[in-house]
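Report on one structure; see the data block that follows.
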Amino acid sequence: MKKTLNLILIVTIGIAAIFALVKYIRMDGFAFAWALNFLLMFCVVAFLKSLWLLILNVLLNLYPIFLQRYNRPRIERVINLSNRR
């Protein structure tokens, strides 16, 4: 939940920062182009870093769950077979 909130927050802050940039800096100057480039690159890097952490978190936390669900019936079957003998 926290990672999802971070992604939403990064997107919201990025949109607000672009709006402020357009409102307070003239759009025909070199400063606007430089500031917009820096702002967009910062937002993309922050978004990708958070997105990568979110995906990695989901994968690394789901793998043990699926592995346990796969192995539990196999272990139960082996235990049942050993009890029969």
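Throughout, read-outs are computed from the coordinates displayed, never taken from laboratory work. Please read all numbers here as calculations on a predicted model, not as lab measurements. A quick note on method: Cβ atoms are made from the backbone with ideal geometry, for glycine too, and the neighbour counts reach across all protein chains shown.
Restriction of the chymotrypsin sites (Phe, Trp or Tyr not before Pro) in region 1-57 to DSSP coil positions whose beta-carbon has at most 10 other beta-carbons within 10 angstrom yields no sites. For residue 36 and residue 62, a Förster radius of 35 Å and the Cβ-Cβ distance give a FRET efficiency of 0.35, rounded to the nearest 0.05. When the charge dipole of the chain is built from unit charges on Cβ atoms (+1 for Lys and Arg, -1 for Asp and Glu) and taken about the Cα centre, the candidate among 75, 35, 60 whose Cα reaches farthest toward its positive end is 75. Working note: Cα atoms of region 2-84, range along each principal axis, descending, whole Å: 83, 18, 11.
With +1 assigned to the C-beta of every Lys and Arg and -1 to the C-beta of every Asp and Glu, and no other charges, what is the dipole magnitude of the chain about the Cα centre in debye, to the nearest 20? Walk me through the intermediate numbers first.
Numbers: 11 positive and 2 negative charges, 157 e Å.
Here the size comes out at about 760 debye.
Here the contact order of region 2-84, divided by its residue count and restricted to Cα pairs under 8 Å and six or more residues apart, works out to 36 percent.
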